[in-house]
Amino acid sequence: MNRTILLTAVFFGVLAVVLGAFGAHGLKNLISVTSLDSYQTGVTYQIYHALVLLWLGSTEQFTTSQKKWIYYCFTVGILFFSFSIYVLATNDLTSFNFTTLAFITPIGGGLLICGWVLIGHRVFKYLG
């Protein structure tokens with residue numbers, strides 16, 4: 001499980017840097033400032049949670065079962081939250097109206113929150 005978590009963290013980390021650079025340079029003149037700010041929010045949340053996954057895969061403070069739940073919350077949360085923001089921010093560049101998928105963003109945010117709550121629960125209950 002640790003290897004999977006670490007490889008996912010590296011994947012999301014690399015992708016966040018690539019997408020951040022693409023947003024800063026490639027999208028700068030193509031989308032509005034508001035959309036670019038939203039896009040950057042997706043990148044920021046993605047990199048933060050990639051770093052937490054990197055830590056999670058490296059720590060022995062959690063059981064495999066606990067790590068799985070946190071991993072799934074963060075992974076699906078990143079995919080739903082950050083990636084929906086990416087497509088919504090670049091919606092004007094496509095012929096498909098991605099605003100119909102906007103309901104996915106808060107679900108992703110909720111999953112990210114759940115991952116943090118699981119970490120907090122573990123810390124509060126077992127590491128005090």
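How much length is gained if the chain between Ser95 and Gln61 is pulled fully straight, taking 0.36 nm per residue apart and subtracting their Cα-Cα distance, in nm to one decimal? All intermediate terms of the calculation are to be shown ahead of the outcome.
On the way: separation 34, 0.36 × 34 = 12.24 nm, distance 4.73 nm.
So the extension gain works out to 7.5 nm.
Listed options for semi-axes √(5λ) of the Cα gyration tensor in Å are (1) 18, 17, 15; (2) 30, 15, 11; (3) 24, 17, 12. The value calculated from this structure is the one marked (2).
What net charge do the residues around Cys114 carry, taking every other residue with its C-beta under 15 Å from that of Cys114, with Lys and Arg at +1 and Asp and Glu at -1?
Details: positive: Lys67, Lys68, Arg122; negative: none.
Net local charge, Cys114 excluded: +3.
Packing, taken as the mean count of other beta carbons within 10 Å per residue, orders the peptides 24-32, 81-89, 52-60 from highest to lowest as 81-89, 52-60, 24-32. Dipole orientation for the chain: of the candidates Ser84, Leu118, Gln40, Leu118 has the Cα lying most toward the positive pole (charges on Cβ; Lys, Arg +1; Asp, Glu -1).
Could you work out the helix-only [θ] at 222 nm for the chain, with each DSSP H run of four or more residues adding -39,500 (n - 2.57) and the total divided by the number of residues, to the nearest 500 deg cm²/dmol?
-26000 deg cm²/dmol
Once C-alpha pairs closer than 8 Å and six or more residues apart are averaged by separation and normalised to the residue number of region 2-126, the relative contact order reads 29 percent.
Near Lys67: Cβ cut-off under 15 Å, other residues only, Lys/Arg at +1 and Asp/Glu at -1. The net charge is +2. Summing Cβ point charges (Lys, Arg +1; Asp, Glu -1) relative to the Cα centre of the chain gives a dipole of roughly 400 debye.
Summing +1 for each Lys or Arg and -1 for each Asp or Glu, what net charge is found among the other residues whose Cβ lies under 15 Å from the Cβ of Tyr126?
Values: positive: Lys67, Arg122, Lys125; negative: Glu60.
That sum, taken over residues with Cβ under 15 Å, equals +2.
Relative to the dominant Cα principal axis of the chain, helix 2-21 is inclined by about 20°. This ranking places Cys114, Cys73 by how few other beta-carbon atoms lie within 10 Å of each, fewest first, which gives Cys114, Cys73.
Every number here is computed from the coordinates shown, using simple stated rules; none is lab data. Worth saying up front: this structure is predicted, and the values here are computed from it rather than measured. Counting neighbours? That spans all protein chains shown, and the Cβs are built from the backbone with ideal geometry, glycine included.
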